[in-house]
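Below is one structure, written out as structure tokens; the observations come after it.
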Amino acid sequence: MLHPLSNTREGEEVTIRCMECTCEDACRLNELGCVEGINGRIISNQSNIILQVGEARLAIHESLARTILVSPVQ
């Protein structure tokens, strides 16, 4: 079941499934290691979402997080 990254909870493990953001934003996220198919963990979901991907932690604004679709890790 896909849902926006902005609708996740702290501690939740997710898989990035689809990025419906602008090409510029998607390219920047890809450069930082946030690519479709990768697993990550939600560190914080306050005004910004902090997503840990590997050893990197990415702070993603809530409006951008609404355009990133994820599913729970199985």
I'd like the full set of residues that are of a type outside the set (A, V, I, L, M) and either open to solvent by 60 Å² or more (accessible area, probe 1.4 Å) or closer than 18 Å to ASN7 by Cβ (or both), limited to the range 45-65. ASN45, GLN46, SER47, ASN48, GLN52, GLU55, ARG57, HIS61, GLU62, SER63
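I'd like the full set of residues that are among the charged types (D, E, K, R) and in contact (Cβ under 8 Å) with a residue 12 or more places away in the chain, limited to the range 24-74.
Matches in the range 24-74: ASP25, GLU36, ARG41, ARG57, GLU62, ARG66.
Which members of the range 33-44 meet the condition of being open to solvent by less than 30 Å² (accessible area, probe 1.4 Å) and assigned to a strand (DSSP E or B)?
As a first pass, look at the range 33-44 and keep what is open to solvent by less than 30 Å² (accessible area, probe 1.4 Å): 33-34, 40, 42, 44.
Listed by number, the residues that qualify are GLY40, ILE42, SER44.
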Which residues, counting only those in the range 7-32, are more than 21 Å from GLN74 (Cβ to Cβ) and either assigned to a loop (DSSP other than H, G, I, E, B) or in contact with a strand residue (DSSP E or B) (Cβ under 8 Å, 6 or more places away or on another chain) (or both)? GLU20, CYS21, THR22, ASP25, ALA26, LEU29, LEU32
For the condition modelled with pLDDT of 95 or more, on the phi > 0 side of the Ramachandran plot and over 9 Å from the mean Cα position of the chain (by Cα), what is the one hit in GLY33, GLY11, GLY54? GLY11
Just one of (1) open to solvent by 50 Å² or more (accessible area, probe 1.4 Å); (2) over 12 Å from SER71 (Cα atoms) trips up GLU13, so point out which. (2)
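The values are calculated or read from the model by the stated rules, or taken from the named source; none is laboratory data. Bear in mind that the values here come from a model prediction, so they are computed numbers and not experimental data. Positions of Cβ are generated from backbone atoms using ideal geometry, with glycine treated the same way; all protein chains shown enter the neighbour counts. Each accessible area value is taken on the protein alone, full model and side chains, heavy atoms only, with ligands, DNA and RNA left out. Shrake-Rupley method; radii C 1.70, N 1.55, O 1.52, S 1.80 Å.
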